[in-house]
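Let me begin by presenting the structure, written as structure tokens, before commenting on it.
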């Protein structure tokens, strides 16, 4: 609502200034006739400068947030491709603390509302789904660690390892979702070709 009022007041002020300048231009003679035109051009230049600066600032903030998110997604891809998330040929039953999948940049992108255009709808939806999956996965890792360190039987450790690395387990789902997200991100953020 405040934005609407600002736009209305600005447009109204410009309209009144234009009418007054047009009347002044009609009644003046000589070099004084150009003074209203100079004032109107100065006002338009000032308003255009403010709008352009805000647009550039928003675009720059969006690009920085998306770059941070891309870096985080690539780091997560490296985490999922390294031990203990890589399936071992002869797995050993052992207690371990698992690395967590990072979400801070994704959370920042979603909370800062930098994805606001229509072309960002798919990416925004996918990021929400990714965030939900990662939060569930990180909680599952916490539960698995608690079980591993409190129960401590080799059978429980083996079941936890197999559950994590099974074909329909959470790791495969996360890897698949992450690769689709990275591919979509690359498509959504690539530079648009210039039209002649």
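Looking at the structure I just gave you, is residue 57 out of contact with any helix residue (DSSP H, G or I) (no Cβ under 7 Å at 6 or more places or on another chain) and modelled with pLDDT of 80 or more? It is true that residue 57 is out of contact with any helix residue (DSSP H, G or I) (no Cβ under 7 Å at 6 or more places or on another chain) and modelled with pLDDT of 80 or more.
Within region 142-161, how many residues turn out to be in a helix (DSSP H, G or I) and surrounded by fewer than 18 Cβ atoms within 10 Å (Cβ to Cβ)?
Number of matching residues: 12.
When region 21-57 is filtered for residues that are surrounded by fewer than 11 Cβ atoms within 10 Å (Cβ to Cβ) and either outside any helix (DSSP H, G or I) or on the phi > 0 side of the Ramachandran plot (or both), the ones remaining, listed by number, are 29, 30.
Tell me, yes or no, whether region 121-136 has at least one residue that is farther than 17 Å from residue 73 by Cα, under 12 Å from the mean Cα position of the chain (by Cα) and either modelled with pLDDT under 85 or in a helix (DSSP H, G or I) (or both). Yes; the residues of region 121-136 include at least one that is farther than 17 Å from residue 73 by Cα, under 12 Å from the mean Cα position of the chain (by Cα) and either modelled with pLDDT under 85 or in a helix (DSSP H, G or I) (or both). Please tell me if residue 9 is in a helix (DSSP H, G or I), at pLDDT 75 or above, loosely packed, with under 13 Cβ neighbours inside 10 Å and on the phi < 0 side of the Ramachandran plot. Yes. Does region 74-94 contain any residue that is more than 14 Å from residue 171 (Cα to Cα), under 23 Å from the mean Cα position of the chain (by Cα) and assigned to a helix (DSSP H, G or I)? Scanning region 74-94, I find at least one residue that is more than 14 Å from residue 171 (Cα to Cα), under 23 Å from the mean Cα position of the chain (by Cα) and assigned to a helix (DSSP H, G or I), so the answer is yes.
Is it the case that region 95-111 has a residue that's touching a residue at least 24 places away in the same chain (Cβ under 8 Å), exposed (fewer than 11 other Cβ atoms within 10 Å of the Cβ) and in a helix (DSSP H, G or I)? Yes; the residues of region 95-111 include at least one that is touching a residue at least 24 places away in the same chain (Cβ under 8 Å), exposed (fewer than 11 other Cβ atoms within 10 Å of the Cβ) and in a helix (DSSP H, G or I). Pairing each residue of region 36-58 that is farther than 22 Å from residue 25 by Cα with any residue that is outside any helix (DSSP H, G or I), provided the two are 6+ apart or on different chains, yields C-beta distances under 9 Å for 58/114; 58/116.
The values are calculated or read from the model by the stated rules, or taken from the named source; none is laboratory data. These figures come from a predicted structure and were not determined experimentally. Every residue, glycine among them, receives a Cβ derived from its backbone with ideal geometry; neighbour counts consider all protein chains shown.
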